[in-house]
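Every number in this text was worked out from the coordinates using simple rules, so none of it is lab data. Keep in mind that this is a model prediction, so the values were computed, not measured. We place every Cβ from the backbone using ideal geometry, glycine too, and count neighbours over all the protein chains shown.
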């Protein structure tokens, strides 16, 4: 495991060690000593003899023994020479704290490149630069100088030191959970997110991974690794920088391409990642997922001691797509037996004062509810934990009893319980007891809902897990030599795109039923081809110099008679010559008019972070104005293709609607998969646009197809 | 002021007073005594002589002096006779705690009706039933038995006792603000939301109103009163029960019609109400609005000491439609002078370590930023308040200095500051100081953003305040006798709708240019009318028995020649007779084919909570599948009409798009206003549907119009 020597380093050299209490070169050593780091610490500073009782070395090469890890606390411009020293000493890894690299512009980027080249030369792996550092909690190796980082089984990967501090502070003050590792990922100059993931996947101390991300360099590898990880350990992720101002803020911060797109979101979720939108929910989600079983059937019961919180919880869980099923008749009967007449027992369950004088009724209710096979988890909202505060002190003992009982229920039944208590901030003992049993408690109804919501979401992912969604390309495996020849021809003519009939030919060779349009060089030929086709036809100009055919007056539709066809041919030629007098005109494509149907579009392109992605949506005005489209990172599975078709807002249209017959969704699905196959087959393809595609009751017609090639050959 | 005698009662009779510590009849008296209520307390219970040292009366009629208010703590079935007693004693108001009324079903509803009738007979105003009670904090009149309710200037109206308890607990633990009143509105059997609003509008102790609502009985009056209130005092409102399960939970709870709809949301916001979606944000929003000036120009600067929080804040504020403008050049220069080179000074401002050793730089930054005329408010995110915890204890003094300086800036400049601090939960002193100066502090970035966001939202409302949006109908003022005659004729024929040509005639009489379609009784007449019209025509069946003309085969379009018209006439007659052999057929409407244009629809209906509302959206498949529509409570102003047209997703289509010319938005706006006028003119109208309306480059065509009348005459 290549990162082991760094993340579990047995010796650390602190380059830039200091006696000044305000410096990281002091604070780190102090913290390592205070926390009783079991490895060896080597302060390095030519000006000092001893620091905090430790021998100080002038240079790293003066250290006699092997050094696993160097913490580099010196300014940016010194880093290349420091790494040279480290390399000569055989150091395995370095954590580079300084900013002033890629995040600051061109000069910084060049410096960062130099640092990476130096590191590669010596095989040194780098964390950062521009990071707050790294902590291995179980080895007491705290290189951040943050005190009281609670130990636990959540691995934290963050691109913001302040966000890490927020999350650690939250863990400390509001939970009984903690961290296995913290890594400030920084600029990802060398070690990338996916490598950390692989380390944490195998790390025995880690049960969940918590990520704060602004930008990411290797989106594709990250997805592949995340997909492999989430089946074993949950990943919770917040990606900020959605807005343009947010991007600006992030850009000046991590130096990476920021911004969460539709693509990223759908890709992350397909990889099984729990994507979080509110920073308030980030730690609670990780806390729950690290210690509670996922909900298998997406069904949750809400137990409340009053209306308001139950109503809000029902709204929020509904938004989170969690079911709140009506309880079984037997369950309702049992609840009725112990609750007053005014209680509601369907779900949400409102005890209606039934617990006021005896909170242990809560435990009885919880037991009855969790016995219902239709209930996968329990959310309790309201005053619990505060009966001793609100009503009578003696009730606190009864609440403690309830906490013990409920804790054991979670263990016995493997069904999670999450609690909202408006008294949480007062830190009553019954709520600490709940946490002892891994029952999370929150004073926000919304956060409590989200917490049980992510347990349901992770459960949904695991039960529908699909072994084919691995985000791995088998480049060119299904390439056909005839198609490669079409691309080669375009290259030989210095074209960066295929002509329409070439693109359609390529599609046909992959069994996509694109019209066999024929090229006519004269009006006579056009009339002849039209006669063979029969019925109405379309004429479209073919020229490597004209990409937007309609704008050039190069398209004529609904042509019936020979006269019409000859006239249209001449008009097209005249119009195109006016539009671009020197255009290399190859002729005019004669195609049958597409039958009636529903217009859709498919596009593929290269995403900066994830590589090839595919877009699907309704055609025409819909897509341009309403943006009713959906994205997937390629390649896609049959399952993904099906979901894409069903998830756009206009999807019901394809099922038949108000006299419009249902259209051939199977053919549509097949086409999406074929597009995936084609992009996978020809790494030269940069973009492919099928627009419009007309989907008929039976089959579909690809009216126009455009394939753009990459600017230079790359794999 | 009719509610004064209740909400400021000088004497309270506790009906159902008790010596049992677990009973409300004990707890209330105890709390009134403990809190030193200045009025007189009369325990009423036939079984006791003295309670907590006070003389106990057998019946309310035994009390010699006047009693302002009765707190009724006896079971539901006793309430009518208790009210008889109260009435005879001349009591002004009663708070009825018991549940078991309208919220439980038909029997409860009947009991509630009896209670209201009794109360009306004696002129007693009622709070509740099914309420946790009422508190007047400044008079120390606490009828809820909740301890330590912090005093302040927020009036709290809640339909859930637990939600009230949550908000009060939050105020107590996390802020320095408090409440003027709390009223548990309960079932709204007598006093309604809008009456409380009017009281709080005039109440000198109240500066903001905080509402938790599940259902509402008089939506229209509430809007009118809210509109009048929000120009003076902000209203913050959370309405739960959006989801069907949430509705179910609320229904069993308040007995009122629950559910926030598109209509409610847009109406609330038009009335200037700040609608909150997350319960976490409810108290923070009220806290800020009660004590800080609104932001006049919607522009906020973000000041951060690290990247992550700034990036998240930028994202969230963007979602909240708050501008984050780039700072002026002079401001940037001044900031550069005091911050390190690595700092970002555009906005968000990242001090990049510039405050690590001297937090007072924060105050200097804040001063420079707030001096920028383009900045309306400041959001500070990150570690502030925790420098003394994170770095060195001595820094806490410097932070205290910053708090004093910033507090004075807010006072001097009337520009609000809101602070996020990840150390907030540790309650450091500098943060308490900020609160002392009305600077809210939150440990959630999202809540901090929302807090400054509502100050901007309220500012937007006040600067765009429109005196015409008063939600008041001037019923029938613009009615035309000829139109009333059309409606009367339909009524005389026992029809609940107007025939198409009647509806169009009514529209024309209100200057809406609906086609003057003519009725043909024979094929000859149809041919003759068509010739007069010229061009293509449409034939449509006219029959009081056929509402869905197309389904009956009663519509034929694009008819050109006389032969086509005669044939179509016969086909329609044959088809309709097959469809409904006994239909009363009045003839066939001959109308010109509408010119090309964009299809839209307008509908009006009666909303259960708000009365007449109007809907507008794109026609055809768009509206049915994509629900791309917008709603307003009627009547609407020209400004609202304009906003409706611009706010649907497909709005860009009307501005001209890809060869489709821009269409006549002015005519569209005029039509919406005319629809508002027509609904206002004829209280008989239940629904009106103009579908489709074709909007042309110039003018528009109302292709079909349908008006449905109320089932019985009502105003």
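Relative to the longest principal axis of the Cα atoms of chain A, helix A:244-254 runs at roughly 60 degrees.
Relative to one another, the C-alpha centroids of the range B:79-103 and the range A:101-143 are positioned 74 Å apart. Translational diffusion of chain A, estimated by Stokes-Einstein from the Kirkwood radius over alpha carbon pairs at 37 °C in a medium of 0.692 mPa s, is 111 µm² per second. Mind running the shape call on the range B:89-175? Use the C-alpha gyration tensor, a ≥ b ≥ c as the square roots of the eigenvalues: rounded below 1.5 for a/c, prolate if a/b tops b/c, oblate otherwise. In terms of gyration-tensor shape, oblate.
Give me the distance between the Cα centres of the range A:290-327 and the range A:551-606, rounded to whole Å. When both Cα centres are located, 57 Å separates them. Ranking of A:542, A:381 by neighbouring Cβ atoms within 10 Å, starting from the fewest: A:542, A:381. For the range B:293-463, the convex hull spanned by the alpha carbon atoms encloses 93 Å³ per residue.
Per the Debye formula with a single identical scatterer at each Cα and no solvent contribution, what log10 I(q)/I(0) holds for the protein assembly as shown at q = 0.04, 0.05, 0.07, 0.08 Å⁻¹? Taking Cα atoms of the protein assembly as shown as identical point scatterers yields -0.31, -0.48, -0.94, -1.18. Beta bridges from DSSP with both residues in the range A:1-130: antiparallel share about 10 percent, rounded to the nearest 5. DSSP beta bridges fully contained in chain B are about 50 percent antiparallel. Annotation for residue B:657, label-to-label distances across the other copies: 1.5 nm (shortest first, one decimal, point 7 Å from Cα along Cα→Cβ). Of interest is the spacing of the C-alpha centroids, which for the range B:397-435 and the range B:496-513 amounts to 63 Å.
Taking only the Cα atoms of the range A:569-649, the ratio Rg/Rh comes out at 1.14, with Rh defined as the Kirkwood radius.
Could you work out the percent of alpha carbon pairs in the range B:1-133 separated by over 23 Å, rounded to a whole number? When every Cα pair of the range B:1-133 is considered, 27 percent fall beyond 23 Å.
Taking a ≥ b ≥ c as the square roots of the eigenvalues of the alpha-carbon gyration tensor, the range A:312-373 is classed prolate because a/c is 1.5 or more and a/b outweighs b/c. Kirkwood hydrodynamic radius computed over the range B:243-382 comes to 17.6 Å, based on all pairs of distinct alpha carbons. Could you check how many percent of all C-alpha pairs in the range B:610-715 are farther apart than 22 Å? Result: 31 percent of Cα pairs exceed 22 Å. Pair-distance distribution of the range A:388-515: all C-alpha pairs, bin width 5 Å, starting at 0; shares per bin in whole percent are 2, 8, 11, 12, 10, 6, 5, 4, 4, 4, 5, 6, 7, 6, 5, 3, 1, 0. For the segment B:440-447, counting C-beta atoms of other chains within 10 Å of every residue's C-beta and taking the mean gives 4.
Taking other Cβ atoms within 10 Å as a rough exposure proxy, A:632, A:346 sort from fewest to most as A:346, A:632. In degrees, nearest 10, range 0 to 90: what is the angle between the Cα axis of helix A:360-371 and the longest Cα principal axis of chain A? Rounded to the nearest ten degrees, it is 40. Computed from the Kirkwood radius of its Cα pairs, the Stokes-Einstein diffusion coefficient for the range B:523-669 at 25 °C and 0.890 mPa s stands at 137 µm²/s. For the range B:62-105, the Kirkwood estimate of the hydrodynamic radius, built from every pair of different alpha carbons, is 11.2 Å. DSSP bridge analysis restricted to the protein assembly as shown gives an antiparallel fraction near 50%, rounded to the nearest 5. In nanometers and ordered shortest first, the copy-to-copy spacing of the residue B:583 label point, defined 7 Å from Cα toward Cβ, is 5.2.
Highest mean first, the peptides A:640-653, B:181-194 sorted by other C-beta atoms within 10 Å per residue fall in the order B:181-194, A:640-653. Based on the alpha-carbon gyration tensor of the range B:372-436 and its eigenvalue square roots a ≥ b ≥ c, which shape applies: rounded if a/c is under 1.5, prolate if not and a/b is larger than b/c, or oblate? Verdict is prolate for the range B:372-436. Taking every residue in B:346-358 and counting other chain Cβ atoms within 10 Å of its Cβ, the average works out to 2. Roughly what angle does helix B:307-319 make with the longest principal axis of chain B, taking Cα atoms, 0 to 90 degrees, to the nearest 10? Here the helix axis deviates by roughly 40 degrees.
In plain terms, if you count all Cα to Cα distances in the range B:516-592 and split them into 5 Å steps from zero, the share in each step is 3, 19, 33, 25, 14, 6, 1 percent. With the convex hull constructed from alpha-carbon coordinates only, the range A:112-222 shows a mean projected area of 7.2 nm² over all directions.
Seen from every direction in turn and averaged, the convex hull around the alpha carbons of the range A:256-336 projects onto 8.0 nm².
In terms of the mean number of neighbouring beta-carbon atoms within 10 Å, the peptides B:350-362, A:577-589, A:203-215 order highest first as A:203-215, B:350-362, A:577-589.
Across identical copies of the chain, residue A:231 has label-point separations of 6.5 nm, listed in ascending order, with the point defined 7 angstrom from Cα along Cα→Cβ. Seen from a random direction on average, the alpha-carbon convex hull of the range B:148-291 projects onto 7.7 square nanometres.
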